[in-house]
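Undergrad: Could you have a look at this structure, given as structure tokens, before my questions?
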Amino acid sequence: MNRIWLPLIGCLLSATLAAADESPQANDPETRKYLLDRVDDVAIAQLYVDGFEQLPLNDKLLIYHLTQASIAGRDIFIDQKYKHSLLLRDLIEETLTHADGIDPEVLAEIRRYAKLFWVNNGPHSALTSQKNILRCSPEAFTAAVQTAVDNGADIPLAEGQDLAGLLSSLQAVLFDPKFDAFVTQKSPEDGEDILTASANNLYDGVVSSDLEGFEEKYPLNSRLVKKADGTLEEQVYRAGFDHVIPGGMYAPELTEVCKHLEAAIPYATPKMARALGLLIHYYHTGEAVDFREYNIAWVDDKDSPVDTINGFIEVYMDARGQKGSWESVVYFNDPAKMAMITAFSENAQWFEDQMPFDPRFRKPEVKGISAKAIQVVIETGDSGPVTPIGINLPNAGDIREQYGSKSVSLSNVVEAYERASSKSARAEFCLNEEEYRRSAKWKSLTLALEVNMHEVIGHASGRNADSLKVDPSIAIKEYYSALEEGRADLVALYFIGNPKLVELGLVDNAEDLREIQRTAYEEYTRNAMTQLRRLPTSTTIEEDHMRNRQMIVHWLAANTAAIDVIEKDGKTYYQVIDVDGWHDGVGRLLKEVQRIKSEGDRAAAERLMEDYAIKINTKLRDEVLQRYEALDQPAYTGFVMPQLTLVSDPQGTPIDVAIDYPQDMEAQMLRWSGRVK
């Protein structure tokens, strides 16, 4: 698994909206406007890029074409996430762009829904998995759409279908919170099959028992369909080759992606050009062996200053943990922030040798670890607008062991969260002033250390038992993603107080190190409580990163004396009372989690998740919601991406790539879908 998310995503100060009328100073981090909008529990912020203007023209042109490839493929993920999403987007965007005469209150509600849709790439939340609904009446929405049609809106209709029939078919999708309620459910409350309980578009008519004995040829890049005769068909995402390999799912979009990747190759380094060529080949064939060859070539390219992540990669959205969601990230090196992450990659073998788990599961030789701080230019599909702050790839364990991996820390994303963050939530959930002051002083450095260790020495560590003949994700199934994210977190938490950090120059002295360790444990423990505010109506946790944090904190609470639950003035607080005990517990849990992964022990993974990670303490959750309501803070953030424009001379020769910051989610999304220029 490749991601770390900001533990308390979206702690943005609503008062910052007062600055909305100030002219932005895009080149001055101190005066930039980060927070653009607030929609329900979502903040919308601008992502800025430092250093782009100073890049060589060659790198700018490379980034431009890679960015166009990112935009060209985004509809693939929107469709993967929910089968009605592209139709919903057309309906909503056509209504918004033909809005003359629509009742203002109804139009405002349609716009609210649209913003949530754009941030989450569909009607379901990127974090909670739950569906957002329209809050006007079906009759009011029908009237609004009819007005838009009268104004010239082009609403897509199936053959023989009229507007009334279309809207009737979508009524439950738009207005019923119980219909297709969760995009992913790995632990349905009523015992329903995990595939039919999940509303994503990765399966059609398939239940888990149908897969017994079925060997998938295209596990990452296919949609699995049960045909009328009961057999299973893999509908492959691929562009195809004329007269050789037929095109598959989203062939036109993948062809367009390939066109932009081909345009990027002349500006790439030789190793990057080779990797891009293999990626293009894979998109045409769809074959797993070709994706493997691309990943090996991608890992081998450790020196290119510009890079991209592009493909069917992460499996979080699939309840089985097998189908890859399409995503794209384009970025370049951030030398100013490189020292910390490089220190971990250069000393990865030392950390591997000190792991608390069985030596059988350690790598005798850590190979090919690349780690960089980066400036992100664009993230689409499963990576944006809601974005991680750290990434490690590839996911295939055998490639990691034989060829290595790449880790990146998303510098400008971290900065954007930090610049727009509020201190009020921290003050609300810290037990006392001492804990608050410690958090305020050390939180940024603590987070940076955790992110880099999570990615570089966390995900990249460990090896499988010789007896395990399949990838652990196949053996552990729906519990694997949360287990692996927990394993990477545990590695970071285990080493956060290690004197090696002082030796490497990452922390000034032993006294500061002790404070940072305590801060890390206090922040992590509090987060197990505060993250519940993202789940206002659920009784179970479905998102893997949230599961892994619950698993760690609740295991420590049950198996050590390091955490105490305090009631003070009618409020609940989680307090770390024994730092050394917390650390020792992390070592014991990491030892077991690594064993589970290395041996593919699904039963043990299930016990960990069922006992400590999945069920929500609804009484505590309701208290947390009430406390956050008084703070009036969003739960998570979606980003407006920078806009690149190709600049050419009168003869049509590219002479520059201009970057600007739209500061408007609606304008960007309508431009990307071709509805505005």
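Undergrad: Going by the structure shown, is D632 of a type in the set (D, E) and at pLDDT below 95?
TA: yes
Undergrad: Give all pairs with beta carbons closer than 7 Å in which a residue from the range 195-207 that is under 18 Å from S85 (Cα atoms) meets a residue that is in a helix (DSSP H, G or I); count only pairs at least 6 apart in sequence or on separate chains.
TA: The qualifying pairs are N200/Q80; N200/K81; N201/D79; N201/Q80; N201/K81; L202/Q80; Y203/L195.
Undergrad: Any residue at all in the range 550-559 that is surrounded by fewer than 20 Cβ atoms within 10 Å (Cβ to Cβ), over 21 Å from S187 (Cβ atoms) and of a type outside the set (G, A, S)? So that I can check it myself, show each step before the final result.
TA: At the first step, the residues of the range 550-559 found to be surrounded by fewer than 20 Cβ atoms within 10 Å (Cβ to Cβ) are 554, 557-559.
Subsequent filtering for residues that are over 21 Å from S187 (Cβ atoms) retains 559.
Add one more test, that the residue is of a type outside the set (G, A, S), and what stays is 559.
Within the range 550-559 (the criterion being surrounded by fewer than 20 Cβ atoms within 10 Å (Cβ to Cβ), over 21 Å from S187 (Cβ atoms) and of a type outside the set (G, A, S)), the answer is yes, since at least one residue qualifies.
Undergrad: Continuing with this model, one more query. Kindly indicate whether any position in the range 507-530 is in contact (Cβ under 8 Å) with a residue 12 or more places away in the chain, of a type in the set (A, V, I, L, M) and outside any helix (DSSP H, G or I).
TA: So far as the range 507-530 goes, yes, one or more of its residues are in contact (Cβ under 8 Å) with a residue 12 or more places away in the chain, of a type in the set (A, V, I, L, M) and outside any helix (DSSP H, G or I).
Undergrad: So which pairs qualify, if the first residue must be in the range 641-653 and exposed (fewer than 10 other Cβ atoms within 10 Å of the Cβ), the second must be in a strand (DSSP E or B), the Cβ gap must be under 6 Å, and the two must be at least 6 apart or on different chains?
TA: What qualifies is D649/I655.
Undergrad: Taking the residues in the range 563-594 that are in contact with a strand residue (DSSP E or B) (Cβ under 9 Å, 6 or more places away or on another chain), among the hydrophobic types (A, V, I, L, M, F, W, C) and touching a residue at least 24 places away in the same chain (Cβ under 8 Å) as candidates, determine which candidate is surrounded by the most Cβ atoms within 10 Å (Cβ to Cβ).
TA: W582
Undergrad: Does the range 182-209 hold any residues that are buried (at least 21 other Cβ atoms within 10 Å of the Cβ), touching a strand residue (DSSP E or B) at 6+ places or on another chain (Cβ under 8 Å) and among the β-branched types (V, I, T), and which are they?
TA: V183
Undergrad: In the range 151-178, what residues are among the polar types (S, T, N, Q) and outside any loop (DSSP other than H, G, I, E, B)? Working first, answer last.
TA: Filtering the range 151-178 down to residues among the polar types (S, T, N, Q) leaves 151, 161, 168-169, 171.
Result: S168, S169, Q171.
Undergrad: List the pairs whose first member sits in the range 43-55 and is surrounded by 16 or more Cβ atoms within 10 Å (Cβ to Cβ), whose second member is aliphatic (A, V, I, L, M) and not in a strand (DSSP E or B), and whose Cβ atoms are under 6 Å apart, counting only residues at least 6 apart or on separate chains?
TA: Taking only residues 6 or more apart or on different chains, the pairs are I44/M665; A45/A416; A45/A420; L47/A416; L47/M641.
Undergrad: List the pairs whose first member sits in the range 163-174 and is on the phi < 0 side of the Ramachandran plot, whose second member is of a type outside the set (S, T, Y) and surrounded by 14 or more Cβ atoms within 10 Å (Cβ to Cβ), and whose Cβ atoms are under 6 Å apart, counting only residues at least 6 apart or on separate chains?
TA: Q171/P138; V173/H84; L174/L134
Undergrad: Moving on. Considering each residue of the range 83-111, count those that are under 26 Å from the mean Cα position of the chain (by Cα) and not in a helix (DSSP H, G or I), and give that number.
TA: 2
Undergrad: On to the next question. Give just the number: which of (1) under 21 Å from the mean Cα position of the chain (by Cα); (2) assigned to a helix (DSSP H, G or I) does N200 not satisfy?
TA: If we test N200 against (1) under 21 Å from the mean Cα position of the chain (by Cα); (2) assigned to a helix (DSSP H, G or I), just (2) comes out false.
Undergrad: Within the set of pairs 6 or more residues apart or between chains, which connect a residue that is closer than 25 Å to I457 by Cβ and touching a residue at least 40 places away in the same chain (Cβ under 8 Å) inside the range 375-394 to a residue that is part of a loop (DSSP other than H, G, I, E, B) and among the acidic types (D, E) with Cβ atoms less than 8 Å apart?
TA: Between residues of the range 375-394 that are closer than 25 Å to I457 by Cβ and touching a residue at least 40 places away in the same chain (Cβ under 8 Å) and residues that are part of a loop (DSSP other than H, G, I, E, B) and among the acidic types (D, E), the close pairs are Q375/D50; Q375/D334.
Undergrad: For L254, indicate whether it is in contact (Cβ under 8 Å) with a residue 60 or more places away in the chain, in a helix (DSSP H, G or I) and buried (at least 23 other Cβ atoms within 10 Å of the Cβ). Can you show your working first?
TA: Details: in contact (Cβ under 8 Å) with a residue 60 or more places away in the chain: yes; in a helix (DSSP H, G or I): yes; buried (at least 23 other Cβ atoms within 10 Å of the Cβ): yes.
Taking the combined requirement at face value, the residue satisfies it.
Undergrad: Next question, about the same structure. Could you tell me how many of the residues in the range 210-246 are in a loop (DSSP other than H, G, I, E, B) and surrounded by fewer than 18 Cβ atoms within 10 Å (Cβ to Cβ)?
TA: Here is the first cut: in the range 210-246, the residues in a loop (DSSP other than H, G, I, E, B) are 212-221, 227-231, 238-240, 242-244, 246.
Next, from what is left, pick out any that are surrounded by fewer than 18 Cβ atoms within 10 Å (Cβ to Cβ): 212-217, 227-231, 242-244, 246.
The number of residues fulfilling the criteria is 15.
Undergrad: Hey, another quick one. For the range 630-666, which positions are part of a loop (DSSP other than H, G, I, E, B), touching a strand residue (DSSP E or B) at 6+ places or on another chain (Cβ under 8 Å) and at negative phi?
TA: Q633, P634, A635, M641, P642, D649, Y661, P662, D664, listed by residue number.
Undergrad: On to the next question. Please go through the range 397-437 and give me each residue that is among the hydrophobic types (A, V, I, L, M, F, W, C) and in contact (Cβ under 8 Å) with a residue 12 or more places away in the chain, ordered by number.
TA: From the range 397-437, those among the hydrophobic types (A, V, I, L, M, F, W, C) are 399, 408, 410, 413-414, 416, 420, 425, 427, 429-431; that's our starting set.
Selection gives I399, V408, L410, V413, V414, A416, A420, A425, F429, C430, L431.
Undergrad: Can you list residue pairs whose Cβ atoms sit under 8 Å apart, with the first residue in the range 602-618 being farther than 17 Å from R588 by Cβ and the second being of a type in the set (V, I, T) and surrounded by fewer than 16 Cβ atoms within 10 Å (Cβ to Cβ)? Count only pairs 6 or more apart in sequence or on different chains.
TA: Correct list of pairs: K615/T539; I616/T539; T618/T539.
Undergrad: Tell me, please, whether a residue that is out of contact with any Lys or Arg (no Cβ under 7 Å at 6 or more places or on another chain), buried (at least 19 other Cβ atoms within 10 Å of the Cβ) and not hydrophobic (A, V, I, L, M, F, W, C) can be found in the range 504-511.
TA: Scanning the range 504-511 turns up no residue that is out of contact with any Lys or Arg (no Cβ under 7 Å at 6 or more places or on another chain), buried (at least 19 other Cβ atoms within 10 Å of the Cβ) and not hydrophobic (A, V, I, L, M, F, W, C).
Undergrad: S325 - would you say it is of a type in the set (S, T, N, Q) and surrounded by fewer than 22 Cβ atoms within 10 Å (Cβ to Cβ)? Write out each step before concluding.
TA: Working: of a type in the set (S, T, N, Q): yes; surrounded by fewer than 22 Cβ atoms within 10 Å (Cβ to Cβ): no.
The answer is no for S325.
Undergrad: Yes or no: T142 more than 30 Å from R547 (Cα to Cα), buried (at least 19 other Cβ atoms within 10 Å of the Cβ), modelled with pLDDT of 95 or more and of a type in the set (S, T, N, Q)?
TA: On the way: more than 30 Å from R547 (Cα to Cα): yes; buried (at least 19 other Cβ atoms within 10 Å of the Cβ): no; modelled with pLDDT of 95 or more: yes; of a type in the set (S, T, N, Q): yes.
No.
Undergrad: Same structure again: With the checklist (1) under 30 Å from A197 (Cβ atoms); (2) at pLDDT 95 or above; (3) charged (D, E, K, R) in hand, flag the one item D40 doesn't pass.
TA: Among (1) under 30 Å from A197 (Cβ atoms); (2) at pLDDT 95 or above; (3) charged (D, E, K, R), D40 violates only (2).
Undergrad: Something else: I'm told Y494 meets every condition in (1) over 22 Å from the mean Cα position of the chain (by Cα); (2) assigned to a helix (DSSP H, G or I); (3) at pLDDT below 95 except one. Can you identify the failing condition by its number?
TA: The number of the failed condition is (3).
Undergrad: Only one residue in T653, T645 is more than 26 Å from R320 (Cα to Cα) and either aromatic (F, W, Y) or touching an Asp or Glu at 6+ places or on another chain (Cβ under 9 Å) (or both), so which one is that?
TA: Working: T653 fails: either aromatic (F, W, Y) or touching an Asp or Glu at 6+ places or on another chain (Cβ under 9 Å) (or both).
Unique residue meeting the criteria: T645.
Undergrad: Moving on to the next point. Give the residue that is surrounded by the most Cβ atoms within 10 Å (Cβ to Cβ), with candidates limited to residues of the range 259-286 that are touching a residue at least 40 places away in the same chain (Cβ under 8 Å) and either under 19 Å from S222 (Cβ atoms) or touching a Gly at 6+ places or on another chain (Cβ under 7 Å) (or both).
TA: Y283
Undergrad: For the range 606-629, name all the residues that are of a type in the set (S, T, Y) and either surrounded by 17 or more Cβ atoms within 10 Å (Cβ to Cβ) or in a loop (DSSP other than H, G, I, E, B) (or both).
TA: Kept after step one, since they are of a type in the set (S, T, Y), are these residues of the range 606-629: 612, 618, 628.
Of everything in the range 606-629, those that are of a type in the set (S, T, Y) and either surrounded by 17 or more Cβ atoms within 10 Å (Cβ to Cβ) or in a loop (DSSP other than H, G, I, E, B) (or both) turn out to be Y612, Y628.
Undergrad: Mind counting the residues in the range 63-105 that are in contact with a helix residue (DSSP H, G or I) (Cβ under 6 Å, 6 or more places away or on another chain), among the small types (G, A, S) and closer than 30 Å to P305 by Cβ?
TA: 3
Undergrad: Which of the following residues is farther than 19 Å from L501 by Cα and surrounded by fewer than 21 Cβ atoms within 10 Å (Cβ to Cβ): P394, P364, P385?
TA: Values: P394 fails: surrounded by fewer than 21 Cβ atoms within 10 Å (Cβ to Cβ); P385 fails: surrounded by fewer than 21 Cβ atoms within 10 Å (Cβ to Cβ).
Answer to the check: P364.
The values are calculated or read from the model by the stated rules, or taken from the named source; none is laboratory data. Only a predicted model underlies this, so the values are computations on that prediction, with no experimental measurement involved. Positions of Cβ are backbone-derived with ideal geometry, glycine not excepted, and every protein chain shown enters the neighbour counts.
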